[in-house]
Amino acid sequence: MKIGQGVDVHAFGDGSFVVLGGVTIPFERGLVAHSDGDVVLHALCDALLGAAGLGDIGRHFPPDDPAWCDIDSRILLRKVNDMLREEGLSLSNADITVVAEAPRLSMHIGEMREYISADLEVTAAQVNIKATTTEHLGFTGRGEGIAAFAVVLLND
């Protein structure tokens, strides 16, 4: 078994929606990013790559490469899953925490789990997602951005 962890943060900027866990959520602002800014999937990709000893998301999908500009992060997650399969690895389970004062995420978590489990070819029971706030402390508490943390266990 192999354990990995990942973290991602994006600041709020102009826009009318955020993408989290592959789900487009209407919101008064967007996230500033080279891709779609999906902190959930970026943290998860980093955790998966780290557990496999394959570096990080920036190594495989560099932000200065125009090929990844505005890309749907579900595509990145599927590419990472392909890399895992090539190494003979599969997901045992993932636990993801999203830190944000807004938007409210509880009604979107089920759909996020469905997308992630489909992209990783596992059951939704193998993917856990939680949302929390920082009680108005720090950059997330001031509404400046969103953070996500992921921990994974891989089997070979």
Highest-fluctuation residue, LEU44, LEU54, LEU31 considered, GNM on the chain with Cα pairs under 10 Å:
LEU54
Neighbouring Cβ atoms within 10 Å as the yardstick, rank LYS2, LYS79 fewest first.
LYS79, LYS2
Rel. contact order, % - alpha carbon contacts under 8 angstrom, at least six apart, the chain:
33 percent
Quick check for you: which residues of region 99-124 have the amide N under 16 Å from the point 7 Å beyond the Cα of SER92 toward its beta carbon?
123
Taking only Cα atoms of region 49-156, the Rg to Rh ratio with Kirkwood Rh works out at 0.99
Exposure rule at most 15 other beta-carbon atoms within 10 Å, DSSP loop GluC sites (Glu not before Pro): the chain longest free segment
29-86
If I model a spin label as a point 7 Å beyond the Cα along the Cα-Cβ vector, how far apart are those points for ALA102 and ASP14 in nm?
2.0 nm
Distance between the C-alpha centers of region 63-85 and region 127-156? Whole Å please.
21 Å
Sort VAL18, VAL152, VAL32 so the one with the fewest other Cβ atoms within 10 Å of its own Cβ comes first.
VAL32, VAL18, VAL152
Mind giving me the FRET efficiency for MET1 and GLU28? R0 is 35 Å, r the Cβ-Cβ distance, nearest 0.05 is fine.
0.25
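We did not get these values from a lab; they are worked out from the coordinates using the rules stated. Keep in mind it's a predicted model, so treat the numbers as computed, not measured. Note that each Cβ is placed from the backbone with ideal geometry, even for glycine, and that neighbours are counted across all protein chains shown.
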